[in-house]
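J.: Before we start, here is the structure in question, set down as C-alpha cells.
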Amino acid sequence: MSALLSFSAAELARRIRARQVSAAEAMQETLAAAKRAHERLNCFVRIDEDSALAAARVADAEIARGLVRGPLAGVPMAHKDMYYREGVPSSCGSRITRERPAPATATALKRLDGAGALQFGVLNMTEFAYGPTGHNYHLGHCRNAWNPGYITGGSSSGSGTSVAARANFAALGSDTGGSIRLPAHFCGVAGIKPTYGRVSRAGAMPLSFSLDTLGPLARTVEDCALLLGVIAGRDAADPTSSGQPVPDYLAALARPVKGLRIGVPTSYFYDGADAGIESLVRASLEVLRSLGCETVEIDLPEIEPWNQAATAIIAAEAAALHANWLRERPQDYSDQVRARLELGAAVGATQYINALRLRSHALQTWLGGVMQHVDVVHAPCVAFATPTIAESDVGGGPKMGQVLAQVTRLMRPVNYLGLPSLAVPCGFQPPGLPCAFQLIGRPFDEALLLRLGHAYQRATDWHLRAPPQ
Amino acid sequence: MTGTSDALFRELLARQGVALAPERLEALARTLAAQLEAERAATRALAFEVEPASFTRVLEGAGR
C-alpha cells in the first residue's frame, strides 16, 4: 500500500493544501485501490472514474491559483448509496429505487462539495438501510476487509469496509439502529452517530423519521470531527434539523481529558458478553484512566423496554414509508426486509404512539439519573464475537428476529434516546477481527465524545493498523 | 392467537396489501407480544398528558 493511501483524510487534506500531494494523484491512487477492494469486498455500487479524475484536476488548478474550497479540498470520498444527487439514481441497496433519478442533492453532500471533498463513487449498503449485518440479497453481500468471510455490519456496510480497506478516505453512513456504529465496530474504523437533529437528513433516504441520523465513518476520530463539522447544523430543507450552534469540533480535540468522568454500566451492556470482547473493551478503559479520566460504575434504569419501543417505531415508520411498494412490488424486496416491513404493518397505532410518548420520559430518566454523575458512558458496541457471513445469513427465516435483535441490542436504546455516540476501535478479537467501544454523550455534546476518542487514539495505535491488501 | 383473532389479524394485514405467509404468523405474533408487554410495563407510570413532541423539547433543552 502506498504512503498516500495510509493518510487520514485530515492528513491528506493538509498535504494537498500544502501542494505536497496533488488531488489528481490522490484520486488516481484511490480509484485503483477502490477497484482492487471491490473485487475482494463487493463494497462499491458505482465508481465514477472519469468525472472524479476531472474534478481532481480542477481542484489542483484551483489550489495552484490559491483557491482552496474548504477543509476537505481534493480529498476523495465515496458514500453510502442513499445520499441523493440530483438526477442520479440511488439504489438504496434495493431493486426498487435504482432507476429512479433523485429529485434533489442531499444537504450533507452539498456541504461536503462546498468543503472541497471529491465524491468518486457510491457504496454498497443493506437494502433500504434495514438490516444490521451487511447482507444484501440484491447487490451481493458486502465483505469484511479484515477477512472477507466475515460480516461488515450494516447497514453502512460499504462505508465501513471501504474505509477500513484504505480504498476510501471517509464515508457518510446513516444510523437508525446502529448502522454507523456497527460497521465501525466490525470493520475497525471510527464512526459517529450524532444527536438526533444535529445533521440535516434532507436528500437522504428515510427509514424511520423519528430515529434516523446521518454521520461519517472514517479512519480516525479526528476525521470524524472534520466531517461532522462540515455537515452539521440547521438546514431549512429539513424541519427536524436543530438550530443548536455547531462548535469547532477540531479545536475541541486539543482540550485536555484529565478529570473527565466516564460511566461504566453495571448492567445490560455487558450481560452475556463474550469474554474476549469484554476484555478488549475494558482494556480501553485502562487507557482512558491512564490519561487521567475517572471511571465511575453506574446503575442503569431498565433499558429493554426502550429497545422494544425503538424496534416498534422503526418497524411502523418503515412500513408506512414502504406501504405503496409493499403492495405493488412485494417480490422486489428480499425476504428479510419484506418480513420486517410486514411486522411494521402489524404494529398497532396505540403501540406506536405510546412508544413515542415514552421517549421523553426515558430521556429524562437517563439524563437525570445516569448522566448526573458522569460526562460520558463507555460501553461495548456489540457483545458477541463477529460471525461469518454464512453463520448470520438468516434471511427472513425463523431465526431472523433473534439474530437481528442480538446485533442491535446495544445500539437501539441510544437511537431511542436521540443521544450522540462515537464508536472507536480498541483491538482485535480472534481470528484477527476488529472490536470497538462506544462513548455515549449528552445531547449535542459530540465535541466531548470526539475529544475523548481522539485522546484515546493518540495513546493507542489500533486505528493505524490496516487490513491485508 | 385464537382462530378468530388469527383471521382478523390476517385480514387487517391483507387490507394493507400484506399477504402474510402462514409460517411467519407465529414469529410475528411472538415479536409483537414481547413489544406490547415491554410497553405496557414501561408506560404504566407515564403521565396522562405526555405527548410525543415532548421528546424533542427535552433533547433540545438538554443541549443548551
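J.: Determine the shielding of peptide A:340-351 by partner chains: average, over its residues, the number of Cβ atoms on other chains within 10 angstrom of each Cβ.
T.: Numbers: counts 1, 1, 9, 8, 2, 9, 12, 4, 4, 0, 3, 6.
Per residue, the number of nearby Cβ atoms from other chains is 5 on average.
J.: Could you pull out every residue, at least 5 positions away or on a different chain, whose amide H is within less than 5 Å of the one on A:Val21? Hs are placed 1.01 Å off N in the peptide plane, and Pro or chain starts have none.
T.: Result for A:Val21 returns A:Ile16.
J.: Let me ask you something else. From the phi angles alone, apply the Karplus equation (6.51, -1.76, 1.60; θ = phi - 60°) to the range A:287-292 and give each ³J(HN,Hα) in whole Hz, x where the residue is Gly or Pro.
T.: So the Karplus estimates, Gly and Pro as x, are 4, 5, 5, 5, 8, x Hz.
J.: Divide, for the protein assembly as shown, the radius of gyration over alpha carbons by 2.2 N^0.38 Å, where N is the residue count. Show your work: numbers first, answer last.
T.: Numbers: Rg = 22.0 Å, N = 533, 2.2 N^0.38 = 23.9 Å.
For the protein assembly as shown, the normalised Cα radius of gyration comes out at 0.92.
J.: Another question, then. Using only the Cα atoms of the range A:325-469, each taken as one equal point scatterer with no solvent, compute I(q) by the Debye sum, divide by I(0), and report log10 of the ratio at q = 0.11, 0.13, 0.17 Å⁻¹.
T.: For the range A:325-469 at q = 0.11, 0.13, 0.17 Å⁻¹, log10 I(q)/I(0) is -0.63, -0.84, -1.14.
J.: Sticking with the crude label model, points 7 Å out along Cα→Cβ, report the distance from B:Glu11 to A:Phe428 in nm, one decimal please.
T.: 6.1 nm
J.: Give the Rg (one decimal place) followed by the Dmax (whole number) of chain B, computed from C-alpha coordinates and expressed in Å.
T.: 17.7, 54
J.: While we're here: Evaluate peptide A:357-367: per residue, the Cβ atoms of other protein chains within 10 Å of its Cβ; return the mean as an integer. Kindly include the intermediate steps, with their values, before the conclusion.
T.: Details: counts 11, 9, 7, 11, 9, 4, 7, 5, 0, 2, 4.
Counting Cβ atoms of other protein chains within 10 Å of each residue's Cβ and averaging gives 6.
J.: Return the sequence-ordered ³J(HN,Hα) values of the range A:429-441 in whole Hz as given by the Karplus equation 6.51 cos²θ - 1.76 cosθ + 1.60 applied to θ = phi - 60°, using x for Gly and Pro.
T.: Listing the rounded values in order: 9, x, x, x, 10, x, 9, 9, 9, 10, 10, 10, x Hz.
J.: Filter the trypsin sites (Lys or Arg not before Pro) in the range A:42-80 down to the DSSP loop ones having no more than 11 other Cβ atoms within 10 Å, then list what survives.
T.: Details: sites: A:Arg46, A:Arg57, A:Arg65, A:Arg69, A:Lys80; in loops: A:Arg65, A:Arg69.
Sparse-neighbourhood loop trypsin sites (Lys or Arg not before Pro): A:Arg65.
J.: Using the C-alpha gyration tensor of the range A:252-353, what are the square roots of 5 times its eigenvalues, in whole angstrom, with the largest one first? Please list the in-between numbers first.
T.: Details: eigenvalues 342, 51, 46 Å².
Value: 41, 16, 15 Å, ordered largest first.
J.: What FRET efficiency do you get for A:Ala61 and A:Asp461 if R0 is 51 Å and r is their Cβ-Cβ distance, rounded to the nearest 0.05? Let's see the in-between values first.
T.: Working: r = 37 Å, r/R0 = 0.73.
Efficiency, from the Cβ-Cβ distance: 0.85.
J.: Find, among the trypsin sites (Lys or Arg not before Pro) in the range A:175-255, those assigned to loop by DSSP (not H, G, I, E, B) with at most 16 other beta-carbon atoms within 10 angstrom. Please report the intermediate quantities before stating the final value.
T.: Numbers: sites: A:Arg181, A:Arg198, A:Arg201, A:Arg219, A:Arg234; in loops: A:Arg198, A:Arg201, A:Arg219, A:Arg234.
Here the trypsin sites (Lys or Arg not before Pro) that fit, given the DSSP loop and packing criteria, are A:Arg234.
J.: Is there a simple number for the mean count of other chain Cβ atoms within 10 Å of the Cβ of residues in B:28-39, and what is it?
T.: Working: counts 6, 1, 1, 12, 7, 0, 5, 12, 7, 2, 11, 11.
The shielding value for this peptide is 6.
J.: So which chymotrypsin sites (Phe, Trp or Tyr not before Pro) in the range A:377-444 pass both tests, a DSSP loop state and at most 16 other Cβ atoms within 10 Å of the Cβ? Don't skip to the answer; put the middle values down first.
T.: Numbers: sites: A:Phe384, A:Tyr416, A:Phe428, A:Phe437, A:Phe444; in loops: A:Phe384, A:Phe444.
Here the chymotrypsin sites (Phe, Trp or Tyr not before Pro) that fit, given the DSSP loop and packing criteria, are A:Phe384.
J.: Continuing with this model, one more query. Once amide H atoms are placed 1.01 Å from N in the peptide plane, what residues at a sequence separation of 5 or more from A:Ala78, or on another chain, have their amide H within under 5 Å of its amide H?
T.: Residues meeting the criterion, in which the H sits 1.01 Å from N, are A:Phe120, A:Phe169, A:Ala170.
J.: Using modelled backbone amide H atoms (1.01 Å from N, in-plane), which distant-in-sequence or interchain residues come within less than 5 Å of A:Phe437's amide H?
T.: Placed amide hydrogens put A:Val424, A:Cys426 under 5 Å from A:Phe437.
J.: Once both labels are modelled 7 Å past Cα along the beta-carbon direction, what's the B:Ala29-A:Glu39 spacing in nm?
T.: The modelled label-to-label distance comes out at 5.3 nm.
J.: Using the heavy atoms of the protein chains alone and a 1.4 angstrom probe, what is the accessible area of the range A:1-135 per residue in square angstrom?
T.: Numbers: 5210 Å² over 135 residues.
Each residue of the range A:1-135 exposes 39 Å² on average to a 1.4 Å probe.
J.: Along the range A:248-254, what does the Karplus equation 6.51 cos²θ - 1.76 cosθ + 1.60 (θ = phi - 60°) give for ³J(HN,Hα), rounded to whole Hz, x for Gly and Pro?
T.: Ordered by residue, 3J(HN,Hα) equals 7, 5, 5, 4, 5, 4, 7 Hz.
J.: Once label points are set 7 Å from the Cα along Cα→Cβ at both A:Ala32 and A:Val296, what is their separation, rounded to one decimal in nm?
T.: Taking the simple label geometry, A:Ala32 and A:Val296 are separated by 5.3 nm.
J.: If one computes the Cα centroid of the range A:390-469 and of the range A:1-65, what distance in Å separates the two points?
T.: 27 Å
J.: Only bridges with both residues in the protein assembly as shown count here: give the DSSP antiparallel percent, nearest 5. Please report the intermediate quantities before stating the final value.
T.: On the way: 32 of 45 bridges.
About 70 percent, rounded to the nearest 5.
The values are calculated or read from the model by the stated rules, or taken from the named source; none is laboratory data. Please read all numbers here as calculations on a predicted model, not as lab measurements. All Cβ positions, even for glycine, are placed from backbone atoms using ideal geometry, and neighbour counts span all protein chains on display. Heavy atoms of the whole protein, side chains included, go into the accessibility calculation; ligands, DNA and RNA do not. Shrake-Rupley method; radii C 1.70, N 1.55, O 1.52, S 1.80 Å.
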